[in-house]
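The values are calculated or read from the model by the stated rules, or taken from the named source; none is laboratory data. Keep in mind that this is a model prediction, so the values were computed, not measured. Virtual Cβ from ideal backbone geometry, glycine too; neighbours counted across all protein chains shown. For the accessible areas, the whole protein counts, side chains as well, though only heavy atoms, and no ligand, DNA or RNA atoms are used. Shrake-Rupley method; radii C 1.70, N 1.55, O 1.52, S 1.80 Å.
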Amino acid sequence: MSKRVYICHTFYHVYISCLKELNFPKEERGNADLLLSTLSNDFGNLRERAEKSGLFDLVLPYEEKEESSFPQLKKYHKDRGNLILNMLARMRFTKLFGKLQAPFVPVDLKKYEDIYVFCDSDPIGYYLNAYKIPYHALEDGLDCIRYYDTARYDNRGHFELKAWMASKNLIFIQNGYSKYCIDMEVNNISVLPYPCSKYIEKPREELTVWLTEEDKRILVSIFMENLALLEEQLAQCPKDKAKVLLLSEPLCDLETRERIFKDIIREYCGDCVVLIKPHPRDVLDYKLLFAEHIVIEGKFPMEILNFIPGLSFDKVISVFTVPDAIKFAGEILFLGEDFMDKYEAPEIHRQNEAI
């Protein structure tokens, strides 16, 4: 039985899991399992590549079920017009939702020494607390709580009361507030506006410092299904023009999303060669709608580009994806909330201001 298990919902989660395993001595690697949740992401054939890497013992799909899969839960969301009655309903919901997940968890989590969970806001968090299984939480994305503190936003109003109830396992709150969350790994505590006693700072940059060239090769082999194709696409770029990499994101509706990225190219890219890296969950057809630009194929976290020898861009542009881990760009442009105010109601993306 492996000592550790990582429960992942995105390619970025798998990337951090790989880094954590690569930070173990070689003789201790391969002593971890990897669960790939199908809840919100299509991992394609990443499973096969991860199995071949030697970093993990078992790599398994996890058919995690969202709340809508269980119609019997709907009644617990009815507003009863009374805080106490609403909290009693939430307590019942918390326990039942966790127990309903049991048939879909593919391994016996109680047998692991350490369980690492990205996005314990997803059903797996309810399951672990329903069955009183201690686990380590990890932030969903780099410094993501800085921009969107989901625990406090989702529990606006009487937060301290709710946090106390979560600490007693009466209800569930993600990101370090639940009773069975041992600790919550974050990249940088100093940038987080609200404290949490279970936050522990583990800078992601430290996970990359000691990587060998062989380690980097392993990372690239796991995430880059066709590295030769990317190299071919890069070879198409004229040598006398600057290269700009645009990171797409699943923003707004598809029509507005198309307008957003066309506006970005017009306003910030000038006469440069534009390469677009679609977000793994972005379904906009960039090849069709941006045919005059180079669309990078393959689903992988952008950080993997740090490990491709000789790869560099003159500029990288991001809307909300935190680009601090990027080492392959001469300039980084992070557009953020002020930019998005032009395309949707500010309250949709300025969640922390509503806490």
_Suppose the filter is of a type in the set (F, W, Y), in a loop (DSSP other than H, G, I, E, B), touching a residue at least 24 places away in the same chain (Cβ under 8 Å) and buried (at least 18 other Cβ atoms within 10 Å of the Cβ); does Y194 pass it?_
no
*State the number of residues belonging to segment 197-227 that are over 17 Å from I296 (Cα atoms) and open to solvent by 70 Å² or more (accessible area, probe 1.4 Å).*
10
*asked:* Would you confirm, using the coordinates I've provided, whether E160 is within 30 Å of G44 (Cα to Cα) and either in contact with a strand residue (DSSP E or B) (Cβ under 8 Å, 6 or more places away or on another chain) or open to solvent by 20 Å² or more (accessible area, probe 1.4 Å) (or both)?
replied: no
*Is there any pair linking a residue in segment 66-90 that is in contact (Cβ under 8 Å) with a residue 40 or more places away in the chain to one that is of a type in the set (V, I, T) and open to solvent by less than 60 Å² (accessible area, probe 1.4 Å), with Cβ under 9 Å and at least six apart or on different chains, and which?*
M87/I171; R90/I171
_Failed criterion for Y112 (all others in (1) in contact with a Gly (Cβ under 9 Å, 6 or more places away or on another chain); (2) at pLDDT 95 or above hold)_ = (1)
*Which one of these does H9 not meet: (1) more than 13 Å from the chain's Cα centre (by Cα); (2) surrounded by 14 or more Cβ atoms within 10 Å (Cβ to Cβ)?*
(1)
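Consider Y147 carefully, then state whether it is within 20 Å of the chain's Cα centre (by Cα) and at pLDDT below 95. Before you say what the answer is, go through the steps one by one.
Details: within 20 Å of the chain's Cα centre (by Cα): yes; at pLDDT below 95: yes.
Answer is yes for this residue.
It is to be established whether one or more residues within segment 94-107 are at pLDDT below 95, open to solvent by less than 30 Å² (accessible area, probe 1.4 Å), not in a strand (DSSP E or B) and not basic (K, R). Write out each step before concluding.
First, the residues of segment 94-107 that are at pLDDT below 95: none.
The answer is no, given that none of the residues of segment 94-107 is at pLDDT below 95, open to solvent by less than 30 Å² (accessible area, probe 1.4 Å), not in a strand (DSSP E or B) and not basic (K, R).
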*Consider only pairs whose beta carbons are under 6 Å apart and that are at least six residues apart or on different chains; among these, list those whose first residue lies in segment 111-133 and is more than 13 Å from Q174 (Cα to Cα) and whose second residue is open to solvent by less than 20 Å² (accessible area, probe 1.4 Å) and of a type in the set (D, E, K, R).*
D114/R4
*Test: residue in segment 164-185 that is open to solvent by 30 Å² or more (accessible area, probe 1.4 Å), in contact with a helix residue (DSSP H, G or I) (Cβ under 6 Å, 6 or more places away or on another chain) and part of a strand (DSSP E or B)*: no
*Those residues that are more than 10 Å from L245 (Cβ to Cβ), among the β-branched types (V, I, T) and crowded, with 18+ Cβ neighbours inside 10 Å, I need them from segment 274-304; list them, please.*
V295, I304
*Could you identify the single residue in I304, I317 that is modelled with pLDDT of 90 or more and touching a strand residue (DSSP E or B) at 6+ places or on another chain (Cβ under 6 Å)?*
I317
*Taking segment 305-320 as the search range and keeping residues that are surrounded by fewer than 20 Cβ atoms within 10 Å (Cβ to Cβ) and in contact with a Leu (Cβ under 7 Å, 6 or more places away or on another chain), which one is nearest to E337 (Cα to Cα)?*
K315
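Can you report the number of residues in segment 228-259 which are open to solvent by less than 50 Å² (accessible area, probe 1.4 Å) and at pLDDT below 90? Don't jump to the end; show me each part of the working.
Initially, segment 228-259 is screened for residues open to solvent by less than 50 Å² (accessible area, probe 1.4 Å), giving 229-230, 233-234, 237, 242-249, 251-252, 256-258.
The next check asks that each one be at pLDDT below 90; those that pass are 229-230, 233-234, 237.
Within segment 228-259, residues that are open to solvent by less than 50 Å² (accessible area, probe 1.4 Å) and at pLDDT below 90 number 5.
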*Output for segment 277-289, where each listed residue is touching a residue at least 12 places away in the same chain (Cβ under 8 Å) and within 13 Å of E255 (Cα to Cα)*: D282, V283, L284, Y286, L289
